[in-house]
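Since the structure comes first, as structure tokens, the remarks are kept for the end.
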Amino acid sequence: MEEKTIPTVGIFVGGGPAPGINGVISAITIEARNNGWRVLGIMDGLKWLGQGDLTHVRELEIVDVSRIHNQGGSILRTSREGNVEDPEVRDRVHEGLRELGIHALISIGGDGTAASASMLHDHDRYGLSYLHVPKTIDNDIDLPGGFSTFGFQTARHVGVKLIESLAEDARTTQRWYLAVTMGRHSGHLAQAIGMASGATLTLIPEQFEQERITLDDLVQPIEGSMLRRLCYGRQDGVVVLAEGLAERISSDEYHATKEAELDPKGKIRLTDLPLGYSLRKRLCESFSNHGIDMKIMEKHIGYELRCVAPIPFDAEYTRELGFGAMRAILRGGLQGVITRVGSDLEVYPFAYFKDEKTGRTRVRYVNTSTEIYKASLRYQIRMRQKDLDNPERMKQLIEASHYTEEELRARFGEKGA
């Protein structure tokens, strides 16, 4: 039987890495091969197909994937290249899939890859089936039932260990750390890491109602937290910041942002924006003006989280998703995004996840009105109005900070959480 007559599923990975990708690839391959399907792994996302190059594919057998579900990274690698919004690129991808004899395409990726899969589906000319497996350590894809995206739980687990280590270093060396975590659109990862690690303070974009914020909007609560700690004789702590805060601040407030690079989609690389440096500089200046020598360091926590081996939760979860994606294809007619709802696996149409205003994949934000979020706030050290209303605490603040009572009330009275 010729290869092109054998039912064939293609798999590609787009966007940034996330723990558990190999588990999805493994489960798809095993289920496909056990049902007589051929499996083609497409290397480097849609990069090569978008260029009309069909040589960067590999056939996958069960022996190739039987033990990779506990490995980090991606055996197919990943890429953000291959912009199918461009009709010419999209046509080359469709033609390449046809030439390779692919009958169904399973994509693994975040919001951008989901949008690409949806666009390929909407403009399909050859009757292919399209299934998408959502992944991102940011947890910002609005999955039904509030289930986390795969990779998130592992990223949180590793992130907590890193913050705990920084907290011990901070205590030992008497310094503060400003830890910036990944999360372009939402603060889920920062919030979860901060809560589970017992970080001194956590700041996320969703807590600010205004569209644009200033550096001082971030400096003020951090400064208040540090002053509260001084009342206890502590000059150490860890502040967790979601990197998405950087996009909410005007570039005019940053130093050296002209050197920031753009990613393949034209967005500024958040790791290039000096959020931690700018905050550290402002905080040190403020404390120095009041005669306080506060040691502050910045640390970016991001790439360390993306390719670690998945914890058992994600190893199991990704095998379920890969199995569900291939089973949906075998049943026929089901196309869209595979997701877990309760104890079942369901396929939701691509349109379900689309934001009608932007046309892109809908973003899931942290809901700051929930009891869960409010609980996290209660375990943070923040300057609160009751601190300023308490005469004994006010006396401690004045002694520790060298601020006057008027300065403390003016600085923290109206904004205190």
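If each residue's Cβ is checked for other Cβ atoms within 10 Å, how do 69, 132, 188, 402 rank with the fewest at the top? Please report the intermediate quantities before stating the final value.
Details: 69 23, 132 31, 188 26, 402 14.
Listed from fewest to most nearby Cβ atoms, that is 402, 69, 188, 132.
Return the percentage of antiparallel bridges among DSSP beta bridges fully within the chain, rounded to the nearest 5 %. Working shown, then result.
On the way: 11 of 46 bridges.
Beta bridges within the chain, antiparallel portion: roughly 25 percent.
For the stretch 113-123, what does the Karplus curve 6.51 cos²θ - 1.76 cosθ + 1.60, with θ = phi - 60°, yield as ³J(HN,Hα) per residue in whole Hz, taken in order and with x for Gly and Pro?
So the J values, rounded to whole Hz, are 5, 4, 5, 5, 4, 4, 5, 4, 5, 5, 10.
Which one of 289, 70, 139 has the biggest mean-square fluctuation once the chain is modelled by GNM with Cα springs under 10 Å?
289
Consider the candidate values [x] 4, 20, 30, 28, 15, 4, 0; [y] 4, 16, 19, 19, 15, 12, 9, 4, 2, 0, 0; [z] 5, 21, 28, 20, 14, 8, 4, 1, 0; state which one is P(r) over Cα pairs in 10 Å bins from 0, in percent computed from the structure displayed.
[z]
Given the pairs 374/395; 281/357; 47/161, which are separated by over 30 angstrom at their Cα positions?
Numbers: 374/395 28 Å; 281/357 38 Å; 47/161 35 Å.
Those over the limit are 281/357; 47/161.
What are the ³J(HN,Hα) values, in whole Hz, obtained from phi via the Karplus relation 6.51 cos²θ - 1.76 cosθ + 1.60 with θ = phi - 60°, for each residue of the stretch 151-168 in sequence order, with x given for Gly and Pro?
Ordered by residue, 3J(HN,Hα) equals x, 5, 5, 5, 4, 4, 4, 5, x, 4, 4, 5, 5, 4, 5, 5, 5, 5 Hz.
Decide, for the stretch 319-379, between rounded, prolate and oblate: order the square roots of the alpha carbon gyration tensor eigenvalues as a ≥ b ≥ c, take rounded if a/c falls under 1.5, and otherwise choose prolate if a/b is larger than b/c, else oblate.
It comes out oblate by the Cα gyration axes.
Whole-Hz Karplus ³J(HN,Hα) for the stretch 408-413, in order, using 6.51 cos²θ - 1.76 cosθ + 1.60 and θ = phi - 60°, x for Gly and Pro?
Result, ordered by residue: 5, 5, 5, 7, 10, x Hz.
Once amide H atoms are built 1.01 Å from N in the peptide plane, which residues 5 or more positions from residue 249, or in another chain, come under 5 Å H to H?
It is 213, by chain and number.
Distance in nm between label sites at residue 34 and residue 70, each 7 Å beyond Cα in the beta-carbon direction?
1.9 nm
Sort 39, 347, 363 by Cβ crowding within 10 Å, fewest neighbours at the top.
Result, fewest neighbours first: 363, 347, 39.
Shape of the stretch 1-64 from its Cα gyration tensor (a ≥ b ≥ c, root eigenvalues): rounded if a/c is under 1.5, otherwise prolate when a/b > b/c, or oblate? Provide the component values of the computation, followed by the final result.
Working: a/c = 2.63, a/b = 1.14, b/c = 2.32.
Note, shape of the stretch 1-64 comes out oblate.
Expressed in nm to one decimal, what extension gain is obtained for the pair residue 281 and residue 378 from 0.36 nm per residue of sequence separation less their Cα-Cα distance? Before the final figure, lay out the partial values.
Numbers: separation 97, 0.36 × 97 = 34.92 nm, distance 2.78 nm.
Extending this stretch completely gives an extra 32.1 nm.
Using a simple spin-label model with points 7 Å from Cα along the Cα→Cβ vector, what separation in nm is obtained for residue 165 and residue 126?
4.6 nm
Can you give the longest run of the chain that contains no GluC sites (Glu not before Pro) sitting in a DSSP loop with at most 14 other Cβ atoms inside 10 Å?
86-208
Determine the calculated [θ] at 222 nm for the chain from helices alone, applying -39500 (n - 2.57) to every DSSP H run no shorter than 4 residues and normalising by the residue count; nearest 500 deg cm²/dmol.
Calculated mean residue ellipticity at 222 nm is -12000 deg cm²/dmol.
Non-local amide H neighbours of residue 150 (under 5 Å, H modeled in plane, Pro and chain starts lacking H): which ones?
Residues meeting the amide H criterion: 136.
Using a 10 angstrom cutoff on alpha carbons, build the Gaussian network for the chain and name the most mobile of 179, 192, 375.
Comparing 179, 192, 375 in a Gaussian network model of the chain, the most mobile one is 375.
Starting with the fewest neighbours, write out 90, 382 ranked by other beta-carbon atoms found within 10 Å of each beta-carbon.
Fewest-to-most ranking of 90, 382: 382, 90.
Under a plain spin-label model, where a point goes 7 Å from the Cα along Cα-to-Cβ, how far apart in nm are residue 341 and residue 86?
Here the modelled spin labels are 3.8 nm apart.
Would the stretch 36-85 count as rounded, prolate or oblate if I go by the C-alpha gyration tensor, calling it rounded below 1.5 in a/c and otherwise prolate when a/b exceeds b/c, oblate otherwise?
Since a/c reaches 1.5 but b/c is at least a/b, the shape of the stretch 36-85 is classed as oblate.
What residue among 252, 142, 387 has the largest mean-square fluctuation in a Gaussian network model of the chain, using Cα springs under 10 Å?
Checking each option, the largest mean-square fluctuation is seen for 252.
Just so you know, all these numbers are worked out from the coordinates, no wet-lab data involved. All values derive from a computational prediction rather than experimental measurement. Note: ideal-geometry Cβ built from the backbone for every residue, glycine included; neighbour counts use all protein chains shown.
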